[in-house]
Every structure is written in C-alpha cells, then in structure tokens.
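Remarks on the structure that follows.
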Amino acid sequence: MKKQAFLVLSSVSLFVVLVAGWPLYAQSSVTLKSDIPFDFVVADRSFPAGTYTVRTLSPGVALVQSADYKSAGIVSTLGKKNLDPANGTKLVFRRHGKTHFLGEIWTRGDDNGREILKCKAEREMIAGMKSPEERTSVAAKLR
C-alpha cells in the first residue's frame, strides 16, 4: 500500500513539474548553426572542424551535432547571466594550449546564456597548465 501511494505521489509530482516547467523551456529552447574553423572538445569527446547545430534539449541539456550527422554529443549546461544582452548569437570556446572546449552558448539580444560544464579532460588540462585560458567566439545563426 505504501509503495502504491509513493508511486502515485511521485507520478503526480513529476507531472506538476513537467507542466509547470514546460513554458520556461519553450521560451529558452534555442537551435543555432555555426561554422567552427577548428577542432574542439565537448563532454570529453573530440569534434573536427566543420558546420554544427547546437540545440538546447531542456534547460540543462544541449545537443551538439555535425551537419553530416556523423558526430554528435550531449552536454550538461547551466544558466549564465550577463549584465548586458549579447551583441551577437555565438558560441564561446575556452582554449587551453591548442585545445578548444565549447564553453558558452549566447543568443543575440538575450542576457541569459548557457554555460557548458567543464569536462574531465578540460579540468585535467587546467590542473597541468600554468597559462590562463583564452576565449574564442564563433558567430552562429539562429535556426
């Protein structure tokens, strides 16, 4: 009996969270396309230079996919607030040495972006380096 009550309560709670959160997700869902001129890393996976689509799947998850559908990865994101609205739709990469890591997703005119969590490879690289990270922005188009 307790197990059934727990299942019912869990199902109702999940339904309420999904219904309440859907309008927020619908407002924050973004799909953009970008030509990335260098190899890069997302979630410990290497991607070759090329044309990519980046799509937010939910408030904390984004999909990075090559235009030829041969490379894809899902990554965790966090909300990031900027004092001023972004002046262009762009992907921001953190560079350590010669390796670029996807770091942020911004949409023109919006002061809320998405920050990509640092993967294990990036954290290990940071621990072993003495030079500061550099940032590179790549223009993107909304789709």
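Computed values, structure above
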item: Filter result (touching a Leu at 6+ places or on another chain (Cβ under 8 Å) and among the β-branched types (Val, Ile, Thr)) within segment 120-142; result: 138
item: Filter result (surrounded by 14 or more Cβ atoms within 10 Å (Cβ to Cβ), of a type outside the set (Asp, Glu) and touching a residue at least 60 places away in the same chain (Cβ under 8 Å)) within segment 115-128; result: 116, 119, 121
item: Residue list for segment 42-68, restricted to those being of a type in the set (A, V, I, L, M) and touching a residue at least 60 places away in the same chain (Cβ under 8 Å); result: 42, 43, 54
item: Residue list for segment 98-114, filter: of a type in the set (D, E, K, R), over 18 Å from residue 38 (Cβ atoms) and either surrounded by fewer than 17 Cβ atoms within 10 Å (Cβ to Cβ) or out of contact with any Lys or Arg (no Cβ under 7 Å at 6 or more places or on another chain) (or both); result: 108, 110, 111
item: Subset of segment 98-117 that is more than 16 Å from residue 47 (Cα to Cα) and outside any strand (DSSP E or B) - its residue that is nearest to the chain's Cα centre (by Cα); result: 117
item: Which listed residue is at pLDDT below 90, in contact with a Phe, Trp or Tyr (Cβ under 7 Å, 6 or more places away or on another chain), hydrophobic (A, V, I, L, M, F, W, C) and not in a strand (DSSP E or B), from 20, 5, 86; result: 86
item: Pick from segment 67-97, criterion among the polar types (S, T, N, Q) and surrounded by fewer than 17 Cβ atoms within 10 Å (Cβ to Cβ), ranking: nearest to the chain's Cα centre (by Cα); result: 76
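The values are calculated or read from the model by the stated rules, or taken from the named source; none is laboratory data. This one's a predicted model, so the numbers in the text were calculated from it and none came from an experiment. Please note: Cβ atoms are built from the backbone with ideal geometry, for glycine as well, and neighbour counts cover all protein chains shown.
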